[in-house]
Amino acid sequence: MNCIESTDAMVGGDLVPESRSVSPAVGLIGDLGEAVGPDQVLTEPDLKAGYVRDWTGRWIGNAAAVVRPGSVEEVQRVVRICQEAGAPLVPQGGNTGLVGGSIPHRGEVLVSLRRLDRLGPVDHGTRSVIAGAGVTLGRLQAHAREEDLAYAVDLASRDSATVAGTIATNAGGAYVVSRGDTRRQVLGLEVVLADGSLVSSLETLPKVSTGPDVIQTMIGSEGTLGVITSARLRLSTPSESELMVVLVGMDTLTDGLRLMGPGLRAIEFFDRACLEAVIEHRGLARPIPGDFLFYVLVETTGNLALDESSSAVVDRSLWVYRESITETINGLGVPLKLDVAVPLDRIDGFAAVVRALDTSGEVFLYGHLAEGNFHVNVVGSPDPDRASEEILGLVVSMGGAIASEHGIGVAKTDRWRRTTDPGSIELARRVKEALDPNRILNPGVFWG
Ligand code: FAD
Ligand code: MLT
Ligand code: ZN
């Protein structure tokens with residue numbers, strides 16, 4: 001018999017409008033089983049465990065059930081059932097999100113889209129491909145490579161992060177500076193709305209001018225406006241073979257910006273604390289002689305104007321030092337992870353103030369330099385909420401953004417509401433109201 005861990009939030013509390021009648025949870029589980037097959041409805045705690053805990057271990061929620069639809073029609077049925085029962089749901093892809101947005105915090109139904117993993121043939125005419133919600137970035141990239149093309153977005157989480165998850169968060173990664181963020185790659189979408197209806201723009205031509213493209217609102221909406229079931233994605237030309245990867249040590253990030261020039265594909269940075277931790281965790285050799293405050297990694301097809309005295313090394317395998325940081329920090333403890341951006345003329349000032357803050361924890365700085373992006377991670381702080389408030393406050397005071405690429409999730413909802421232009425918040429509220437009037441879609445995100 002199915003064991004229902006907790007249904008309080010699902011059948012009561014402020015997640016369900018009071019006027020709606022709610023089916024008993026057992027009826028809901030039975031209905032979901034009929035919609036997708038009983039094997040694809042998980043209710044045992046140990047089977048749900050991997051879906052209700054986030055990648056960092058910071059958020060551990062609970063779900064009425066984990067539902068794994070295998071087709072678009074099944075997604076529609078699941079959403080209709082949840083709508084009729086007044087049962088909130090959380091869409092989930094690879095569960096690599098870092099702001100708690102993919103976790104059911106209050107007993108929602110967790111809808112995993114991983115089984116929607118159909119990957120269409122590459123269309124060389126439009127240079128695009130249709131990918132199911134659950135296709136991983138790694139699989140999509142390999143598929144494009146087989147046809148001598150590339151998918152522009154790349155993250156260290158590529159083997160788990162999914163097409164729909166990256167669209168729902170408008171993921172960034174290392175190649176934003178040369179290829180743009182996820183938004184720039186989306187040519188069309190197919191989405192199940194909160195009432196179970198389906199909207200699609202998958203068959204669009206490479207360029208149309210037929211009125212507002214409302215479906216694009218789904219990009220960056222973090223599962224709060226619809227459930228993305230597939231996407232048509234732009235493919236690009238692959239990297240040239242004469243690509244060079246260089247790691248340079250320096251004491252200011254502003255010096256790093258000078259390495260941006262023709263042929264630049266990626267420019268990343270990390271601080272001394274990151275390098276030391278990665279060397280220790282991965283058992284790697286020190287990549288360059290000397291000791292610096294920052295290390296800048298550049299991938300380019302152009303020539304880098306480095307002066308003779310620079311401490312630099314050229315080797316494609318250098319990416320391992322940058323890509324191992326997230327996993328290394330996670331190994332040290334549950335981190336406070338803040339993903340922010342500040343104007344480029346403030347980057348060194350920001351880094352200096354953050355280092356001087358009394359978080360009583362170990363601070364790690366790394367990120368995507370060209371966007372003024374900082375991943376500020378703090379491990380071991382006795383009061384991470386206070387540290388978060390201080391750092392986000394600093395970002396806002398410097399004219400920066402409280403989220404650069406990971407989204408708002410549940411981690412930053414208060415700040416989002418307090419610091420976003422009131423007109424934009426009101427517009428977002430009206431869109432939410434129109435598309436999800438009963439607030440069943442990922443209710444903890446944005447609106448808390
Ligand atoms: P999930 O974590 O499952 O979900 C994320 C959000 O999307 C949630 O709000 C969820 O409700 C929503 N969602 C998921 N699927 C759907 C759907 N079908 N329809 C509607 N909403 C949906 N991020 C970056 O931007 N840049 C990086 O460089 C980067 N590097 C990372 C490296 C590591 C090691 C890790 C662990 C994470 C990294 N991330 C990075 C964060 C994460 O990988 C991205 O946010 C990614 O886009 C999440 O994809 P996912 O499939 O795992 O989504
Ligand atoms: C990265 O750039 O490494 C990621 O966004 C993940 C992280 O912030 O740790
Ligand atoms: Zn990042």
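Below, the figures for the structure above:
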read-out	value
Overall form of the chain per C-alpha gyration tensor (a/c, 1.5; a/b vs b/c)	prolate
Accessible area of segment 244-397 divided out per residue, in Å², using a probe of 1.4 angstrom	41
Long-range amide H partners of Val111 with built H, under 5 Å	Val67, Val90, Gln92
Per residue accessible area of segment 21-101, 1.4 Å probe, in Å²	38
Dipole magnitude (debye, nearest 20) for segment 128-234, charges at Cβ of Lys, Arg, Asp, Glu	240
Magnitude of the charge dipole, the chain, Cβ model with Lys/Arg +1 and Asp/Glu -1, debye to 20	640
Per residue accessible area of segment 128-234, 1.4 Å probe, in Å²	38
Shape category assigned to segment 251-325 from the gyration tensor of Cα positions, a/c cut at 1.5	prolate
Heavy-atom accessible surface of the chain: percent carbon and sulfur, 1.4 Å	50
MRE, 222 nm, helices only [DSSP H, n ≥ 4, -39500 (n - 2.57), over the chain, to nearest 500]	-8500 deg cm²/dmol
Cα-based shape type of segment 128-234, given that a ≥ b ≥ c are square roots of the gyration tensor eigenvalues and the cut on a/c is 1.5	prolate
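The values are calculated or read from the model by the stated rules, or taken from the named source; none is laboratory data. What you see is a predicted model, and the numbers here were worked out from it, not measured in a lab. Don't worry about glycine lacking a Cβ; one is built from the backbone with ideal geometry, like all the others, and counts go over all protein chains shown. These accessible areas exclude ligands, DNA and RNA; they are computed on the full protein's heavy atoms, side chains included. Shrake-Rupley method; radii C 1.70, N 1.55, O 1.52, S 1.80 Å.
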